[in-house]
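Data block below; observations after.
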Amino acid sequence: RMPGPRALEIARGLTGAWPPGPRHAILTRIHGGDGELLDEGVLVFFAAPASFTGEHVVEITCHGGPVIASTILAALVARGARPALPGEFTRRAVLNGRLDLLQAEAVGDLVDATSRAAQRVALAQLDGSLSRRIAQLRDEILGLEALAAYDIDFPEEDDGPIPAARILDATRRTIDGIDALLATAPAGEVVREGAVVVIAGAPNTGKSSLFNALLGRKRAIVTDIPGTTRDALEAVTEADGWPIRLIDTAGLRETGEVVEQLGIEVSRGYLERAHVVLACGDSEATLADAMQAVATLSRGPTVAV
C-alpha cells in the first residue's frame with residue numbers, strides 16, 4: 001500500500017494495465033525498473049480525499065513470498081517511494097482529518113487486540129462512538145457556559161433571569177455524564193489488558209497443575225516437592241471472548257528460605273491487584289487456610305477450587 005501525491009505516478013511506471021477509475025481492481029503485470037517482470041497481481045487505487053489517509057493511495061496485491069514482495073517494494077523505492085514509518089498511515093489519516101486522536105488510538109488497540117472483546121471495543125471506538133460521547137459532553141458544557149453568560153450579561157431582559165434551578169439541573173446532568181464515562185475506564189482497561197486471575201494457596205496443593213489445565217499446555221513445572229514455583233508465572237488466555245491474564249504464584253507459607261520468600265512477596269503483589277482469585281487446597285483445612293490468607297490480601301472475589 002502506497003499513499004502520497006506521487007503514488008499514482010510511481011505505480012503507473014511499473015505496471016501494465018491500469019484500472020479504468022478509482023476503486024476498480026484490475027489484474028496487471030508488475031515490472032522492475034529495468035522492465036523485468038516481477039509478478040502478476042491485482043492493483044486498485046483510491047483518489048484523494050476518498051482514502052484511509054486522505055491522499056492518493058495505490059494498493060498492489062501480489063503472490064505470497066518474501067522475494068516477490070521485496071522486489072516490488074525495491075522497485076517502488078527506486079522510483080521515489082520510501083518505506084513507511086511505524087504508524088505512519090494512521091498519522092497521515094489524523095493530519096488529513098480522516099481520523100481523530102481517539103480513533104487513531106483505536107487503530108493501535110485493534111492491531112494489538114488479543115481477544116474478541118478487545119476487538120469489539122476497538123472497532124466501536126474506531127467507528128467514533130467514544131468521540132461522539134465526548135463531543136456531546138462538550139456541547140453540554142458549552143451550553144452551560146452560554147446559559148451562565150446570558151444570565152450575567154442580560155439579567156434584566158423581558159423574559160427575566162434564567163432560573164438557577166435550570167442551570168443547576170443542566171450542570172448535574174453534565175457531571176453525571178462525565179462520571180458515567182469515567183466509570184467505564186476500569187472496564188476498558190480489563191478488556192485491553194486482560195482480567196488478572198491469580199491462582200493462590202499453600203505449596204503443593206495443585207496450583208501449577210490447575211494453571212497448566214486452564215491453559216491446555218504444560219507451562220508450569222509440576223513436582224511433588226513443595227515450593228517448586230519460586231516466582232509468579234503469567235500467561236494470557238481467553239474465556240468466552242474475554243482476555244485473561246492467568247497467574248500461577250508461589251505457595252503461601254512462612255519460610256526462612258530467601259529465594260522462596262521473594263517469590264511469596266511477588267505473589268502477594270499480584271493478589272493485591274487481582275480481579276479474581278482462585279484459592280487452591282487439597283483438603284478442607286488447606287482450602288480454608290488459603291481462603292483466609294487470600295482474604296487479607298485481595299479485594300477481588302475469591303473462588304475455592
### Message
Restricting to region 222-261, and then to whatever is over 16 Å from Val277 (Cβ atoms) and at pLDDT 75 or above, can you tell me which residue is most open to solvent (accessible area, probe 1.4 Å)?
### Response
Asp240
### Task
Answer yes or no as to whether Pro19 is open to solvent by less than 30 Å² (accessible area, probe 1.4 Å) and assigned to a loop (DSSP other than H, G, I, E, B).
yes
### Task
Go over the candidates Leu101, Leu95 one by one and state the one that is modelled with pLDDT under 95, under 25 Å from Ile134 (Cα atoms) and loosely packed, with under 14 Cβ neighbours inside 10 Å.
Leu101
### Task
Scan region 41-81 residue by residue and report those that are in a loop (DSSP other than H, G, I, E, B) and crowded, with 17+ Cβ neighbours inside 10 Å.
Ala48, Ser51, Phe52, Thr53, Gly54, Glu55, His56, Cys62, Ala81
### Message
Within region 99-108, does at least one residue satisfy the condition of being among the small types (Gly, Ala, Ser), outside any helix (DSSP H, G or I) and closer than 30 Å to Thr237 by Cβ?
### Response
no
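Residues of region 130-142 being touching a helix residue (DSSP H, G or I) at 6+ places or on another chain (Cβ under 7 Å) and either open to solvent by 50 Å² or more (accessible area, probe 1.4 Å) or within 18 Å of Asp179 (Cβ to Cβ) (or both), which ones?
Selection gives Leu130, Arg133, Leu137, Glu140, Ile141.
The rows are residues; the columns are (1) modelled with pLDDT of 90 or more; (2) of a type in the set (A, V, I, L, M, F, W, C).
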| residue | (1), (2) |
| --- | --- |
| Glu105 | yes, no |
| Ser115 | no, no |
| Asp127 | yes, no |
| Ser131 | yes, no |
| Ala146 | no, yes |
| Asp153 | no, no |
| Glu157 | no, no |
### Message
I need a count of the residues in region 111-128 that are under 16 Å from Ala93 (Cβ atoms) and surrounded by 15 or more Cβ atoms within 10 Å (Cβ to Cβ).
### Response
4
### Task
Give me the pairs, please: first residue somewhere in region 91-117 and of a type in the set (Lys, Arg), second residue anywhere and at pLDDT below 95, beta-carbon distance under 6 Å, and either six or more positions apart or on two chains.
Arg116/Gly241
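Would you confirm, using the coordinates I've provided, whether Gln136 is part of a helix (DSSP H, G or I), over 30 Å from Arg245 (Cα atoms) and either in contact with a strand residue (DSSP E or B) (Cβ under 9 Å, 6 or more places away or on another chain) or polar (S, T, N, Q) (or both)? First the steps, then the outcome.
On the way: part of a helix (DSSP H, G or I): yes; over 30 Å from Arg245 (Cα atoms): yes; either in contact with a strand residue (DSSP E or B) (Cβ under 9 Å, 6 or more places away or on another chain) or polar (S, T, N, Q) (or both): yes.
Here the answer is yes, as Gln136 does meet what is asked.
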#### Entry: Which numbered condition Arg219 misses (of (1) of a type in the set (D, E, K, R); (2) open to solvent by 50 Å² or more (accessible area, probe 1.4 Å); (3) modelled with pLDDT under 75; (4) outside any loop (DSSP other than H, G, I, E, B))
(4)
#### Entry: Unique residue being open to solvent by less than 60 Å² (accessible area, probe 1.4 Å) and free of Cβ contacts under 8 Å to residues at least 40 places away in the same chain when the list is Leu147, Leu210
Leu147
## Note on the structure
Matching residues in region 289-301 (closer than 13 Å to Leu252 by Cβ and either open to solvent by 50 Å² or more (accessible area, probe 1.4 Å) or in a helix (DSSP H, G or I) (or both)) number 8
#### Entry: Unmet criterion (only one of (1) of a type outside the set (Asp, Glu); (2) surrounded by 13 or more Cβ atoms within 10 Å (Cβ to Cβ); (3) in contact (Cβ under 8 Å) with a residue 24 or more places away in the chain) for Arg29
(3)
### Task
May I ask you to list the residues in region 184-207 that are in a loop (DSSP other than H, G, I, E, B), in contact (Cβ under 8 Å) with a residue 40 or more places away in the chain and open to solvent by 10 Å² or more (accessible area, probe 1.4 Å)?
Ala202, Pro203, Asn204, Thr205, Gly206
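The values are calculated or read from the model by the stated rules, or taken from the named source; none is laboratory data. Here the structure is a predicted model, which means the values were calculated and not measured. Note: ideal-geometry Cβ built from the backbone for every residue, glycine included; neighbour counts use all protein chains shown. Note: accessible area is taken over every heavy atom of the protein model, side chains too, but ligands, DNA and RNA are not part of it. Shrake-Rupley method; radii C 1.70, N 1.55, O 1.52, S 1.80 Å.
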